[in-house]
1. What's the number of the only condition in (1) surrounded by 15 or more Cβ atoms within 10 Å (Cβ to Cβ); (2) at pLDDT 90 or above; (3) of a type in the set (Val, Ile, Thr) that Ile75 fails to meet?
2. When you scan segment 152-172, how many residues do you find that are assigned to a loop (DSSP other than H, G, I, E, B) and either at pLDDT below 70 or within 12 Å of the chain's Cα centre (by Cα) (or both)?
3. What number goes with the only condition from (1) assigned to a helix (DSSP H, G or I); (2) modelled with pLDDT of 50 or more; (3) farther than 27 Å from Val123 by Cα that Pro6 does not pass?
4. Return the residues of segment 33-46 that are touching a residue at least 24 places away in the same chain (Cβ under 8 Å), surrounded by fewer than 17 Cβ atoms within 10 Å (Cβ to Cβ) and aliphatic (A, V, I, L, M); say none if nothing qualifies.
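The values are calculated or read from the model by the stated rules, or taken from the named source; none is laboratory data. Fair warning: this is a prediction, and the values are worked out from it, not measured in the lab. All Cβ positions, glycine included, derive from the backbone under ideal geometry; neighbour counts span all protein chains shown.
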Amino acid sequence: MKRIAPLFLIALSPFFAACGSTVSPGTTAERDFLHARSQAAIADFSAKNRAIPQLLTGAHAYVVFPNVVVGAAGIAGGHGEGEVYQGGKFVGYADVSQFSIGAQVGGQRFSQLILFQTQTAYVNFTHGELEMDARYSAVITSDGTADSANYSRGVLVFTQTETGIMAQAALGGQKFRFTPSFQQVATGK
């Protein structure tokens, strides 16, 4: 039991780190770094799937998380920060936290692109009412085409591992927070 407790705390540390009230990428240099990584992730998604640019243009809004890190030792926790765009324009920051329990061990790093088809789906996201679970899915095949890129309840999710593209049928336990960009300016962050 003494060995499990530290592993439990390590696995949950990203989840607990995300429990603050607002998303704050920190300094100007940190925001610039996040922006560069977000743009690189969008370019990478687009290079691997020729449908992405058209999907982004047609979406009401979208969020890109360039680097989500998950650690697991029976209990898994994960966290990532990203940028939110509406009508193709930057509107704020978001973070994602995830938690799961089960027979699992190891770690994973991935990028995630979430598109919102409607204003309602986007508002649910910005007000913290969107939680991802097994009802959301995305499949990208190895040849770079979206096999089943259909919106589910106004949301379309693409996930790309650091080692390639993966299909993910369940995103259970993901919770999101959003901070508008004007709030970052108002607080001096």
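1. Every listed condition holds for Ile75 apart from (2).
2. Total satisfying the criteria: 7.
3. (2)
4. Matches in segment 33-46: Ala40 only.
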